[in-house]
Amino acid sequence: MSDIKFANYGQDRDLNCTDEEAQIFGALREYFKSVGLDPDELSLARRSDSYVTAVFRDWDLARFKFTPRAKWIAFPSVEVGPPKHRISTPSEAVSFVDLLTESIRVITK
């Protein structure tokens with residue numbers, strides 16, 4: 001009988017993130033404060049080997065990667081695909097106010 005192998009989809013992994021990814025998470029927490037949400041409801045997780053995730057109420061609010069070769073953020077709860085929005089600095093992560101607001105609205109519904 002052959003061995004059964006399970007795929008690694010969606011489980012939390014060891015959280016290792018770049019300093020810039022930590023800064024993006026910090027900017028998202030500040031955004032939460034600015035719109036009257038509790039920033040402690042937001043957590044940082046690694047559910048993929050390819051990116052880190054800002055988790056809000058068990059939903060992926062934002063997925064992002066910031067390395068020398070790849071700099072992007074995506075909002076999977078409101079975008080099909082989801083498209084990767086290119087960024088050049090961690091602070092640009094919160095410049096997508098419409099997408100952040102819509103993502104939070106969908107999650108809190």
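Only the coordinates and a few stated rules stand behind these numbers; no lab work does. Owing to the predicted nature of the structure, the values given are computational and were not obtained by experimental measurement. Quick reminder, even Gly has a Cβ in these numbers, built from the backbone with ideal geometry, and neighbours come from all protein chains shown.
What the table shows:
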item: Solution diffusion estimate, µm²/s, Stokes-Einstein, the stretch 18-77, Kirkwood Rh from C-alpha pairs, 37 °C, viscosity 0.692 mPa s; result: 281 µm²/s
item: Rounded tilt (10° steps) of 19-34 against the dominant C-alpha axis of the chain; result: 50 degrees
item: Cleavage-rule hits, trypsin sites (Lys or Arg not before Pro), the stretch 46-105, DSSP coil, Cβ neighbours within 10 Å at most 16; result: Arg57, Arg69, Lys84
item: Residue range of the chain that is longest and free of chymotrypsin sites (Phe, Trp or Tyr not before Pro) which are both DSSP loop and sparsely packed (at most 12 other C-beta within 10 Å); result: 10-109
item: Charge dipole (the chain, unit charges on Cβ, about Cα centre) - positive-most of Ala27, Pro82, Val97; result: Pro82
item: Cα gyration tensor shape of the stretch 59-109, rounded if a/c is under 1.5, else prolate or oblate by comparing a/b with b/c; result: prolate
item: Rounded D (µm²/s) - the chain, Kirkwood Rh over Cα pairs, Stokes-Einstein at 25 °C, 0.890 mPa s; result: 170 µm²/s
